[in-house]
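*Asks:* Let me begin by handing over the structure; questions about it come next.
The values are calculated or read from the model by the stated rules, or taken from the named source; none is laboratory data. Worth saying up front: this structure is predicted, and the values here are computed from it rather than measured. All Cβ positions, even for glycine, are placed from backbone atoms using ideal geometry, and neighbour counts span all protein chains on display. Accessible surface is based on the protein model in full, side chains and every heavy atom, while ligands, DNA and RNA are left aside. Shrake-Rupley method; radii C 1.70, N 1.55, O 1.52, S 1.80 Å.
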Amino acid sequence: DECPFAAEVEKSFCHFKCVKDKECGIAGLVGEATIPDEEKHECRRCEVEGCKTCKHGDPGMDVEFCDVCMPGYIRSEDGKECTRMSDWIFLGIAGVVGVFVVLGLCWYMDLASKPIVNQASIDVAHAHRSRTKVRQEGVEGRPLWPPGTNLCTTDVAGVGTVVFFRFQAAILIWAIFGFLMQLAFGFLVSQDIFVLGAKPAVTPQEFCDVIKWGRARQMELIWTKVTWLAIFYPFSFIGAIIYGISCSRLFVELDNRNMTMSDYVALVRGVPRMSGKEKVEEILKLAIEEASSEKLVGVSCGWDVPDHDTEHHIIEAIDVDMTHLEEKWLSKHEGGGAPPTEDNGQDKKGEEEPAEAAAKKSEGAEEEDAWTEAPEARAWRRSGLSGIFDVISLQVLAKWKAFCDDTPEEHDAHHIKEMVEHIDCSEYAFAVFENESSRDRALQKCKENGIMLNGASLILELEENEPQGIVWEHVGVSESQLTWNLVKAVFWMSVTVVIWVVVLYLPYEFWMRSFSFANGDEPGEMAEIIFIGLVVGAQIGLFVTANILAHHAGFIYEDNHQSAYILLYNGALIVNLVFDLCLTAFLGYNQMVGRGVHTADGRLLGDLPNLQQIFESYPMQKAIGSQLKKYCWPATFFIPFSVEPLLAIWLPWHLGKLFIRSHPHLVGRKAERVMVLPVIEQGRFADLIFNSILVCCVPFFAPAYIHKLFGFLIFSHLYIYAFDHVRVLRNITRFHFSSNVCNIQGQQLFSIPCGLLAAALVFKYNQMKGDPHKLGSGPLQGPVLWQVLAGVFFGHIVIHLLCLKYIVPLFCLTDRPPETRPYSECAKQMPASWFSVNPVHCLRSKYIYNHSPPQTYYVIGKEHLAEKNESIGAYFETEPAELEDYSKTSLF
């Protein structure tokens, strides 16, 4: 009662004195701590939120006011408050998000409340959804793969799928090794390793104790971290090279074992521009056969589709043909029971009463919505809030390509033929030979003699991609246009990062700087929730932006599109991480200075003269490590992936059911599109690499977070692996990863976490060699240290990439006997040929060449509709896959 307040002695580090209220800040005590805090029983500093220069009253008086507020704050007249201008930004964002959430919920309730009038189309869409899943090709009934299939060894969807899962498994093994090694050091040497940097401290006394103890134990145990890095770094580097060798050998081995479409094709470059009215395929075929003396099965040309409207009409024309084929197949095999389509069932009214239908269409012409001309859509038109819901529904259906404004006349043979004739060929084509040896001879002969066509020199090149990997709508994009698109993509990706930082991170930084971090004046749970939201939002925003930009770049090959996405996404995430770490370090430094924190040698943190000493100080090691842990878990490692099953699989399926059951015009291909399964992408490589980069930043800081973050990483990646396993076998549209491009890129990007480990090893070794009682006393000091660390980091990346490029191929299988089986045998087993995946080629087969039957377009799930015609290279025919019973099985 006589001296209820604890006050820190100014010139004696971590010494406190019991004083009365009027003795705060005088008689050799810390001069700034003049305010007696009745709750904490301490003498504290002035702490007005958002204040840059805070003034206090006489010692022992509870008087404080702000003289100058921080940037982004407005000072009140009496100086007792600094009001945040950034509040309006957060409130505005929260308001906008809230409006969209409420509107979305109301729209969902409106959609769910509609009556069920179209159950038959749901059954049709479910049947198609089931047929499009990954199945056991070549097995009777083409059943689904068993749930326990080992995707690291079993080729269920191309060799690229095997290495995709092996990469995930390799990252898991790498993380488990680092985790177990850190646990071993903790249990065998000292369990203090598990708490160094994580011990809580609130009061100045506690902080003093933690800093003194922590610095001493950190330097006593620093040899364990150096040893951990000395083992883990070479394990990572050498393991990455061994993994690269094993994957390359596996890829070649599986590719040699399997017969693929790429064995028979050559890419043709430099094709002169020719009109669709000419028989371009025949012209190219004759020119190549004459130049090479080898017989071709045919040529599949790329076509420069002029605009999105034409692309849309091509899809619609293909849909009409597929509908007719399905009706024909059902009539032949099931006695004429056709599924609901726009041309049968209840829609037959239009055929029975053409005059009445025409009159109704004329009367309502002025009231037609801009999005459709379909008479069925008139039932959608409502006013007020219901009208807004209808607009949202139509936009969603448009994304699924379930609505179109085509009139029946646009689907007749004359209009389709006219459309196809007005599409010019691109500079690319694919020449298909009867066998691989013939293809190789043609490549060699044409390389020696060349091929001339209409004054242009054609170039034949080896094609390693499979037909499913061609993005046919981009075949008309030139290399110069692609380069310019990539430049624009990098620019817009950079703009996105800058906007995100300026609009959201900077207001958050100003807000965090408003806290004095003294005597409990710290951000609470809301600040942590906002931080997690910023991290998750940044990742989702960058993911969407990178995906859109990579798609619009115009890559001909899907693997190149995925590769560009990985680079854009990872690059943006790394830049974003640098901003976050800088913000974290700055905030951590302000926290410590605001508390008047000392280092273990008694100096104030704010008095340290250079960056090296600040970075090596235990308070900063603790603060940055703690913030990095918050950044990683759960914001980065788990939350984005935990919602994937809900947002990517369940929600589209659920909404699709609601749409189809309540709208009778969603039939046939429209219903199938609404219920379509999602498409898998190889962007997962970017997620795995970025998570690996994050955990490799941890060794620079306090050791308590190494085993924690590696443990969180293992948990997260086990979940990711399990989720990817389930979705590949049960919830993804059938795909075929035939290329090793993304896996190789993942190996190259793994050089970044390895480089970080190498730099951390040098940094900690330099710290270990210094005086344990003196900060920044290692052999490398000041700018020299940072230059050496940068040299080690980038030097490792260069060496790593050189090893992947020159060392790994030395151990790979190179001898590959040519495929002796003819193209016809391969085409009998594979529905996706160089001809069947090309939509314009299929339309030209029917409307330009008048083939009977024409080349059937390859639609996943409708392989049984393919019609055989050996004269045009169409050899495939099969029975439909067995269906699942959706009334007895779950979504997964």
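*Asks:* Leaving ligands, DNA and RNA out of it, work out the accessible area of His561 with a 1.4 Å probe and give it in Å² to the nearest 10.
*Replies:* Only protein atoms counted, so the area is about 20 Å².
*Asks:* Quick check for me: using +1 on Lys/Arg Cβ and -1 on Asp/Glu Cβ, what's the dipole size of the chain about its Cα centre, in debye to the nearest 20?
*Replies:* Working: 77 positive and 111 negative charges, 608 e Å.
Rounded to the nearest 20 debye, it is 2920 debye.
*Asks:* How many percent of the accessible area of the chain is carbon or sulfur, using a 1.4 Å probe? Present the calculation step by step, with values, prior to reporting the outcome.
*Replies:* Values: 23840 of 39840 Å².
Ligands and nucleic acids excluded, carbon and sulfur give 60 percent.
*Asks:* If I ignore ligands, DNA and RNA and count only protein heavy atoms, how much of Asp424 is accessible to a 1.4 Å probe, in Å² to the nearest 10?
*Replies:* The accessible area of Asp424 comes to roughly 50 Å².
*Asks:* Local charge sum around Gln682 (other residues, Cβ-Cβ under 10 Å, Lys/Arg +1, Asp/Glu -1)? The partial results should precede the final answer.
*Replies:* On the way: positive: Arg684; negative: Glu558, Asp559, Glu681.
Around Gln682, the charge tally is -2.
*Asks:* Something else: Can you find, among Phe237, Leu151, Leu183, the residue farthest towards the positive end of the dipole of the range 150-238? Put +1 on the C-beta of Lys and Arg, -1 on that of Asp and Glu.
*Replies:* Among Phe237, Leu151, Leu183, the one farthest towards the positive end of the dipole of the range 150-238 is Phe237.
*Asks:* Using a 1.4 angstrom probe on the protein heavy atoms only, line up Arg249, Arg441 by accessible area, largest first.
*Replies:* Values: Arg249 95, Arg441 125 Å².
Accessible-area ranking of Arg249, Arg441, largest first: Arg441, Arg249.
*Asks:* Here's a follow-up. So what are the ³J(HN,Hα) numbers for the range 535-548, from phi and the Karplus equation (6.51, -1.76, 1.60; θ = phi - 60°), rounded to whole Hz, Gly and Pro as x?
*Replies:* Along the range 535-548, the couplings run 5, 5, x, 4, 5, 5, x, 5, 4, 5, 4, 4, 5, 5 Hz.
*Asks:* Let me ask you something else. For Glu38, put the label point 7 Å out on the Cα→Cβ axis and report which residues of the range 52-67 keep their amide N under 12 Å from it.
*Replies:* Output list for this probe position: 62.
*Asks:* In addition: What relative contact order, as a whole-number percentage, does the chain give when Cα pairs under 8 Å and 6 or more residues apart are counted? Each step should come with its number before you reach the end.
*Replies:* Numbers: 1308 pairs, mean separation 194.0, N = 892.
The normalised contact order for the chain reaches 22 percent.
*Asks:* Against the longest alpha carbon principal axis of the chain, how many degrees, from 0 to 90 and to the nearest 10, is the axis of helix 354-363 turned?
*Replies:* Relative to the chain, helix 354-363 is tipped by roughly 40 degrees.
*Asks:* Let me ask another. With a 10 Å radius around each residue's Cβ, average the other Cβ atoms per peptide and rank 829-841, 790-802, 236-248, highest first. Intermediate values should be presented prior to the final figure.
*Replies:* Values: 829-841: 23.2, 790-802: 15.2, 236-248: 19.1.
Taking the mean over residues of other Cβ atoms within 10 Å, the ranking is 829-841, 236-248, 790-802.
*Asks:* Could you work out how far helix 751-768 tilts from the main Cα principal axis of the chain, as a 0 to 90 degree angle to the nearest 10?
*Replies:* That helix lies at roughly 10 degrees to the long axis.
*Asks:* Sticking with this structure for a sec: Out of (1) 1.07; (2) 1.15; (3) 1.23, which label holds the value of Cα Rg over 2.2 N^0.38 Å that was computed here?
*Replies:* Here Cα Rg over 2.2 N^0.38 Å agrees with entry (2).
*Asks:* For Glu616, what charge total do you get from the other residues with a beta carbon under 11 Å from its beta carbon, if Lys and Arg give +1 and Asp and Glu give -1? Please report the intermediate quantities before stating the final value.
*Replies:* Numbers: positive: Arg215, Lys764, Lys774; negative: none.
Within the 11 Å Cβ shell, the charges total +3.
*Asks:* Give me the net charge for the shell around Ser275: Cβ to Cβ below 10 angstrom, other residues only, Lys and Arg +1, Asp and Glu -1. Provide the component values of the computation, followed by the final result.
*Replies:* Details: positive: Arg273, Lys277; negative: Glu278, Glu421, Asp424.
Charge balance near Ser275 sits at -1.
*Asks:* Rounded to the nearest whole Å², what accessible area per residue is found for the chain with the 1.4 Å probe?
*Replies:* Working: 39840 Å² over 892 residues.
The answer is 45 Å² per residue.
*Asks:* Report the extension gain between Val391 and Gln136 in nm, rounded to one decimal, defined as 0.36 nm multiplied by the number of residues separating them, less their alpha carbon distance. Mind showing how you got there, number by number?
*Replies:* On the way: separation 255, 0.36 × 255 = 91.80 nm, distance 4.14 nm.
So the extension gain works out to 87.7 nm.
*Asks:* Put +1 on the Cβ of every Lys and Arg and -1 on every Asp and Glu Cβ in the chain; which of Ile639, Thr733, Trp492 then has its Cα farthest towards the positive end of the dipole?
*Replies:* Value: Ile639.
*Asks:* Read phi for every residue in the range 325-333 and hand back ³J(HN,Hα) as whole Hz from Karplus 6.51 cos²θ - 1.76 cosθ + 1.60, θ = phi - 60°, with x for Gly and Pro.
*Replies:* Karplus-based 3J(HN,Hα) across the range 325-333 equals 5, 5, 4, 5, 5, 5, 5, 7, 9 Hz.
*Asks:* Run the 1.4 Å probe and let me know the accessible area of Trp174, rounded to the nearest 10 Å².
*Replies:* Probe radius 1.4 Å; accessible area of Trp174 about 10 Å².
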